[in-house]
């Protein structure tokens, strides 16, 4: 299994207004030498699948929009025109036809079949945070040692890689 970044996939984050509903890309995976498709799952903040959401797959010269099924899923298939070789990126992109992050650069890397699985979560944007004041004096706490934790979480058949830095006291 390759990471999305390794095959040239990128994420353009949306900028919702406070109180606006939007769809955030929560993670995904790609398995090479499998079927030539992109499976998109859309859920709410509790992980409940969302049927009836319009998801669009764009490529040069066209697009198609499908509606998520009862499991919150849609499936797009790639043809031979989706082949690409580095340094180029794949010609396909996916977004939810409201306010959403856009996932682009998908296709058939180096001509390999690729099975992309993407997860979007419906959220509501919070209000703007209050402005912060810079500290007037340096912090009084001594610096703490930090540790990096890396892992992979598998949710609804999609692997999500993460990295976090935590304080150790």
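Computed from the coordinates by the stated procedures, all read-outs in this text should not be read as laboratory data. Keep in mind the model is a prediction, meaning the values are calculated, not measured. Here the Cβ positions follow ideal geometry from the backbone for every residue, glycine too, while neighbour counts run over all protein chains shown.
For region 5-126, what is the relative contact order in percent, using Cα pairs closer than 8 Å and at least 6 residues apart in sequence?
Result for region 5-126 is 43 percent.
Using the 10 angstrom Cβ neighbour count as an exposure proxy, how do 38, 14 rank, fewest first?
14, 38
Starting from 0.36 nm per residue, how many nanometres of slack lie between residue 124 and residue 69 once their C-alpha separation is accounted for?
The residue 124-residue 69 span can extend by a further 17.6 nm.
If the chain between residue 12 and residue 77 were fully stretched, how many nm would it gain, using 0.36 nm times the residue separation less the Cα-Cα distance?
That works out to 21.2 nm of additional length.
Hey, fewest Cβ within 10 Å first, where do 50, 66 land in order?
So the residues, fewest neighbours to most, are 66, 50.
I need the calculated FRET efficiency for the pair residue 35 and residue 58, taking r as the beta carbon distance and R₀ as 22 Å, to the nearest 0.05.
According to the calculation, E is roughly 0.65.
Which shape class applies to region 5-126: rounded if a/c is under 1.5, otherwise prolate when a/b exceeds b/c and oblate if not, where a ≥ b ≥ c are the square roots of the Cα gyration tensor eigenvalues?
Prolate shape, in that a/c is at least 1.5 and a/b is the bigger ratio.
Packing-wise, with mean Cβ within 10 Å as the measure, how do 111-123, 73-85 rank, highest first?
Answer by packing, highest mean first, reads 111-123, 73-85.
Treat the count of other C-beta atoms within 10 Å as a stand-in for reagent exposure and order 100, 10, 93, 15 from fewest to most.
15, 10, 93, 100
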